[in-house]
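A.B. asks: I'd like to ask some things about the structure below.
Only the coordinates and a few stated rules stand behind these numbers; no lab work does. Fair warning: this is a prediction, and the values are worked out from it, not measured in the lab. Cβ: placed from backbone, ideal geometry, glycine included. Neighbour counts: every protein chain shown.
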Amino acid sequence: MVSIAENVCLNKPVTVDSIYKATYPGASAVDGDHEDFASRWLSARTGEEHWIEIDLQGEYIVNEMKLWTGYKQQGFAVKDFRLQVWQND
């Protein structure tokens, strides 16, 4: 059996709790660009937990998750996260 990896989040609708500034919108989190400065979502710097919701617009069997965590050289990488799933039964 051959398995082909697919980015099921690519260009899907997102909702975020906040943004740092307009040049770092939530949609950048799912645009497929993994460069540190070229495209990314940044939450507001409030010291609180932040979240992003991605609507996959369908059902998928997910066997792997990859998370690009941010600009590590400046200490802004994601340090702790939870992956939560909501199923509409």
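A.B. asks: Which residues' amide hydrogens lie under 5 Å from the amide hydrogen of SER18, considering only partners 5 or more residues apart or on another chain, with H built in the peptide plane?
C.D. replies: For SER18, whose amide H was placed from the backbone, the distant partners under 5 Å are ALA44, TRP51.
A.B. asks: What is the sum of charges around LYS12, taking Lys and Arg as +1, Asp and Glu as -1, for the other residues whose C-beta is under 11 Å from the C-beta of LYS12?
C.D. replies: So the environment of LYS12 carries a net charge of -3.
A.B. asks: What share of Cα pairs, in percent, lie more than 23 angstrom apart in the chain?
C.D. replies: Working: 1002 of 3916 pairs.
Value for the chain: 26 percent of Cα pairs lie more than 23 Å apart.
A.B. asks: Could you give the length gained on full extension between ASN7 and GLN57, defined as 0.36 nm per residue of separation minus the Cα-Cα distance, in nm?
C.D. replies: On the way: separation 50, 0.36 × 50 = 18.00 nm, distance 1.30 nm.
Taking 0.36 nm per residue and subtracting the Cα distance, the gain is 16.7 nm.
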